[in-house]
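The structure under discussion appears below in the form of structure tokens.
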Amino acid sequence: MREPQLLGSWLEAARARADAWKKALFAVLGALVVLNIFITPHHPHFVGEGLPGFWAVFSLGAAIAMVYVLKKIVYPVLARPEDDNGRP
Amino acid sequence: MAGLDQIAGIHFLHPSIGFLALALVMAFLSNERYMTWRWLLLAPPVLAIFSVMSLTFGPDGPRELASLHYLGQTLNLGRVDALALVFANVFAIQSLIGFIYALHVPDRGQHMAACLYIAGGFGCVFAGDYITLFIFWELMSIGSVFLIWLRRTQAATAAGFRYFLFHIFGGLFLLAGLLLRHADLGTFAFTAVSPDAARYYDYIILIGFLVNAACVPLHAWLPDAYPEATVTGAVFMSAFTTKTAVYVLARGYAGFEVLAIGGLVMCLYGVFYATIENNARRILSYHIVSQVGYMVCGIGIGTAMTLDGACAHAYAHILYKGLLFMGAGCLLYSAGTAKLTELGGLASRLPLVMICYMVGAVSISGMPLFNGFVSKTMTITGAAEAHRTWLALGMELAAVGTFLSVGIKLPYFAFWSKPTSTVALKPIPWNMYAGMIISSLLCLGIGIFPQTLYGLLPFPTDYTPYTAWHVLQACLILGFTGLGFYVMRAIIPPHASRNLDFDILYRLIGRGFVKLVSVPAAAIDNIWTDVYEKVGLKGLLASGIVTSIFDVKVIDGVLDGSAKGVREVGGATVARSQTGRLQDYLAAAVSIGLAIFAAVWFLG
């Protein structure tokens, strides 16, 4: 089955506007944090959850820490050639 | 035909029957005429959907609808209640989607294997006793291993053997546990075990279940084997094995603390490995471990809300994980590889594949409007409301890792990272798109109308996923994980490698066993052969000649010489049937086993 060409070229055009998408992402993230000042959980399950920006900091910190620790420290220890099928 | 009346009576058509019957019919069909008979593949799933729907709208409460006598026991093949039905419901839907996706594959062997595998899954879900469960449990193992072997590559053959040996290992724990349990309690009934009253045999059975649930450290068969399965086989496998295990855990082991902790370890272990993996289908395999972790954790916490969350998540997971495997399967089918380092720049050339994949990706990541959001938040909120804050936080951390690796890393490096790709792409058949589009619509539909799913859950729930806070929280987690990816974009690109995991342990054990057999045991055997040749063989040959003459001339001659005739006719046929390939023997054994079981089923 042929994929729709029009959709493909729209995606190609969207890709060329990467900077605009990046600005849009930052704007959305800023808006989410602002919303978080007004919308907080009614019954926080632990102390920090009620603070505005908690989940933003948690997610950003977790993503950065996870990538750093896994790619820089864990990966070099565990990596083996891809197609050796586990042979020592 | 008492058996048939019981199983296929007006009240209950066991969904396995259609799949088993089709597997039998396909044995007499040829691959050459595949285009004419392939539509038959859709019949058993459609029948299964009707069967399960009629049960869902039938009377409430547990029912026992089909039993038969076998080996001096009463096998209960039709225990029907809300817990069984929620799993049967999604199994039926996913079997239809899987066969639509596989409709172009002109290999009846693969379809027979899928049929047996799915029949096993339904059999487990409706099993009311451990013997029935064990029979269908093993049928699943055998069906699924052929979905790996039939990819017909050397890596698939090797991975299939490791997969099968490990599942036999798990199956033996189940068998040992159920026999010990019977010796103590005098019953094979498959009922819930109270955590306070669990005995040693309950824990032995639990180990058998945890092998199939891919609980760390018994999980390594999954990321080892699934990436080697056929393109369409992996779609089936992502749905049934681990979710059947989740079902039996929910049925028998709710409230076991070891599951709550083990589930969280699975959640995190899976995402950690997925973050550093290169093969798209292996990344998705590690995410099965992680997502099943949410379910196992919910079962371990054991409140009504977390059990509902586990079932809802299993339902949602089967749909979106099948969709993700279909998307990655399209890449493998079309571009010839699923390795991220060899992909990239495909978004404008495969836009529909990319969009369908992304629906699966945002579903698994728990984005509002998609089914993962209405099931994952239920499990996590349930954990928090049961005052298991650390478990809830751990699951949120796994959610960050999920979006990072399946939601951003995989699609970014498969579809975007490089300039538009110029590699030759094999055209993808229409039915593969159809399977993905149906799955995408279901992921979206359940996300928008969660009551369609909540209405099926075993416990009544008034959980509301769409509150302003839940939606904002999910958006914050996904958005800032995206920012994290952007910040770390220089470090995260995948490398062409495979990472060490627990499978190395059983590879070493296997290799050690081969060494043991080929070095010391072979040396002893050589000495013995020498002694035997020099001393024993001559005497034995002489006595053999005398016996043979006596047999042919005296015993067979007295009758009519038929034995000699049969030997000469049958010898060549028997020799040809002895291929020496273990796969062929396994196929023959399961065929004979099923034939005996069918004979007992229908004639007994």
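Numerical summary
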{"read-out": "Sole residue being over 22 Å from the mean Cα position of the chain (by Cα), more than 17 Å from B:Leu324 (Cα to Cα) and among the hydrophobic types (A, V, I, L, M, F, W, C), chosen from B:Ala214, B:Ala192", "value": "B:Ala192"}
{"read-out": "Criterion: within 17 Å of the chain's Cα centre (by Cα) and modelled with pLDDT of 95 or more - qualifying residue of B:Phe169, B:Phe146, B:Phe173, B:Phe161", "value": "B:Phe146"}
{"read-out": "Filter pass, B:Arg162 being of a type in the set (D, E, K, R) and either part of a loop (DSSP other than H, G, I, E, B) or away from chain A (no Cβ under 14 Å) (or both)", "value": "no"}
{"read-out": "Number of positions in the range B:482-505 that are among the hydroxyl-bearing types (Ser, Thr, Tyr) and either under 32 Å from the mean Cα position of the chain (by Cα) or facing chain A (nearest Cβ under 7 Å) (or both)", "value": "1"}
{"read-out": "Every pair of residues 6+ apart whose Cβ atoms lie under 7 Å, when the first sits in the range B:58-83 and is within 21 Å of B:Leu594 (Cα to Cα) while the second is surrounded by 19 or more Cβ atoms within 10 Å (Cβ to Cβ) and of a type in the set (D, E, K, R)", "value": "B:Leu75/B:Asp129; B:Asn76/B:Asp129"}
{"read-out": "Among the candidates B:Leu508, B:Leu516, B:Leu537, residue that is in a helix (DSSP H, G or I) and surrounded by 13 or more Cβ atoms within 10 Å (Cβ to Cβ)", "value": "B:Leu537"}
{"read-out": "Boolean, B:Leu537 is more than 10 Å from every other protein chain (Cβ to nearest Cβ), among the aliphatic types (A, V, I, L, M) and under 26 Å from B:Ser363 (Cα atoms)", "value": "no"}
{"read-out": "Of residues in the range B:366-389 being of a type in the set (Gly, Ala, Ser) and over 20 Å from B:Tyr315 (Cα atoms), the one farthest from the other protein chains (Cβ to nearest Cβ)", "value": "B:Ala386"}
{"read-out": "Some residue of the range B:163-174 being small (Gly, Ala, Ser), without any contact (Cβ under 8 Å) to a residue 60 or more places away in the chain and more than 19 Å from B:Asp584 (Cβ to Cβ)", "value": "yes"}
{"read-out": "Members of the range A:21-41 found to be under 12 Å from A:Phe54 (Cα atoms) and exposed (fewer than 11 other Cβ atoms within 10 Å of the Cβ), listed by number", "value": "A:Ile37"}
{"read-out": "Subset tally (residues that are closer than 16 Å to A:Val57 by Cα and in contact with a Phe, Trp or Tyr (Cβ under 9 Å, 6 or more places away or on another chain)) for the range A:19-28", "value": "0"}
{"read-out": "Test: B:Thr275 is touching a Gly at 6+ places or on another chain (Cβ under 7 Å) and in contact (Cβ under 8 Å) with a residue 60 or more places away in the chain", "value": "yes"}
{"read-out": "Matching option when the condition is within 23 Å of the chain's Cα centre (by Cα) and within 7 Å of chain B (Cβ to nearest Cβ), among A:Leu35, A:Leu51", "value": "A:Leu35"}
{"read-out": "Single unsatisfied condition, B:Ala392 versus (1) surrounded by 19 or more Cβ atoms within 10 Å (Cβ to Cβ); (2) more than 9 Å from chain A (Cβ to nearest Cβ); (3) in contact with a Ser or Thr (Cβ under 9 Å, 6 or more places away or on another chain)", "value": "(2)"}
{"read-out": "Some residue of the range B:440-457 being farther than 30 Å from B:Tyr101 by Cβ and either loosely packed, with under 14 Cβ neighbours inside 10 Å or more than 13 Å from chain A (Cβ to nearest Cβ) (or both)", "value": "no"}
{"read-out": "Cβ-Cβ under 8 Å pairs, at least 6 apart or on other chains, the range A:29-43 side more than 16 Å from A:Phe58 (Cβ to Cβ), far side assigned to a helix (DSSP H, G or I)", "value": "A:Leu35/B:Leu472; A:Ile39/B:Ala468; A:Ile39/B:Trp469; A:Ile39/B:Leu472; A:His42/B:Trp469"}
{"read-out": "Any hit, the range B:225-237, residues being aliphatic (A, V, I, L, M), part of a helix (DSSP H, G or I), surrounded by fewer than 24 Cβ atoms within 10 Å (Cβ to Cβ) and more than 14 Å from chain A (Cβ to nearest Cβ)", "value": "yes"}
{"read-out": "Single condition B:Gly435 does not satisfy, out of (1) within 32 Å of the chain's Cα centre (by Cα); (2) surrounded by fewer than 24 Cβ atoms within 10 Å (Cβ to Cβ); (3) not aromatic (Phe, Trp, Tyr)", "value": "(2)"}
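Here's the yes/no breakdown for (1) outside any helix (DSSP H, G or I); (2) out of contact with any strand residue (DSSP E or B) (no Cβ under 6 Å at 6 or more places or on another chain); (3) within 27 Å of A:Leu35 (Cβ to Cβ):
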position	(1), (2), (3)
B:Tyr412	no, yes, yes
B:Pro427	yes, yes, no
B:Thr464	yes, yes, yes
B:Trp469	no, yes, yes
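The values are calculated or read from the model by the stated rules, or taken from the named source; none is laboratory data. If you're wondering where the values come from, they're calculated on a predicted model, not measured in any experiment. Glycine gets a Cβ as well: all are built from the backbone with ideal geometry, and neighbour counts include every protein chain shown.
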